[in-house]
Amino acid sequence: MEYCKWTLPMLVAMGLLGACASNPTPHSPTPNSAAQPAAKTAAPAGSAAQGASLNPDAAKAATAAAVKQVIATEQAFAKTMADRNFKGFITFLSPDAVFFSGAKVQHGPAEVAVQWQPYFDGPKAPFSWAPDHVEVLASGNLALSTGPIYEKGNIIGRFNSIWRLEPDHAWRIVFDKGEAVCSARP
């Protein structure tokens with residue numbers, strides 16, 4: 001009877017730990033963490049991007065290229081924090097940006113800027129982040145980037161960002177939400 005009494009709590013605890021502690025398997029190898037300029041090239045609708053959907057190999061190559069663009073863009077976005085470059089930070093925000101900060105939600109670049117400006121005060125960044133997994137839709141115009149958030153070298157959370165390829169062919173962030181590291185214990 002002891003086995004049955006502990007089975008459900010153990011399964012629940014294992015599920016919580018797996019959901020909180022696991023990292024996704026990278027879609028493709030993540031390039032080195034050195035900051036790279038934001039990628040601003042992509043095939044416009046009606047061009048090779050659409051033709052790639054007819055050729056599986058071309059579609060895979062187009063998606064892989066878009067993944068690299070989003071990784072580079074996320075790294076450049078994170079570098080704005082490290083470099084204390086608030087004006088640069090704002091350039092990554094889509095006009096439709098929605099950022100979640102705890103129970104508060106900021107809509108549009110102006111609200112996001114007000115919320116994030118204090119993070120850029122002072123000579124040293126209060127936290128940093130880096131993508132460890134990126135997925136891009138087959139259409140090549142929407143992507144998810146996720147990864148750890150660091151404070152003083154320790155992982156304190158995970159970010160989830162949705163990037164959209166804007167009409168000027170620049171990837172800009174449309175949704176951003178961070179979450180604290182799960183502290184569930186069995």
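Quick note: the coordinates plus some simple rules give every number you see, no bench work behind them. Small disclaimer: the values here were computed from a predicted structure and weren't measured. Virtual Cβ from ideal backbone geometry, glycine too; neighbours counted across all protein chains shown.
Results, tabulated for the structure shown:
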read-out	value
Residue-count net charge about Pro131 - beta-carbon cut-off 13 Å; Lys, Arg +1, Asp, Glu -1	-1
Other-chain or far-sequence residues with amide H under 5 Å of Ile156's (modelled H)	Ile149, Tyr150, Glu151
Estimated vicinal HN-Hα couplings, Hz - segment 81-86 in sequence order (Karplus 6.51, -1.76, 1.60; Gly, Pro = x)	5, 4, 7, 6, 9, 5
³J(HN,Hα), Karplus 6.51/-1.76/1.60, whole Hz, each residue of segment 87-103, x for Gly, Pro	4, x, 4, 4, 5, 8, 7, 6, x, 9, 3, 10, 10, 9, 10, x, 7
For Ser101, residues with placed amide H under 5 Å, excluding near neighbours	Gln106
Segment 43-180, dipole about Cα centre (Lys/Arg Cβ +1, Asp/Glu Cβ -1), debye to the nearest 20	220
Extended-chain gain in nm, criterion 0.36 nm per residue less alpha-carbon gap, Phe100 and Asp168	21.9 nm
Three-way shape call for segment 43-180 based on the alpha-carbon gyration tensor, with the a/c threshold at 1.5	prolate
Per-residue HN-Hα couplings for segment 119-128 [Karplus 6.51, -1.76, 1.60; θ = phi - 60°; Hz; x = Gly/Pro]	5, 9, 6, x, x, 10, 5, x, 7, 9
Placed amide H near Phe175: partners under 5 Å, 5+ positions off or other chain	Val98, Ile162
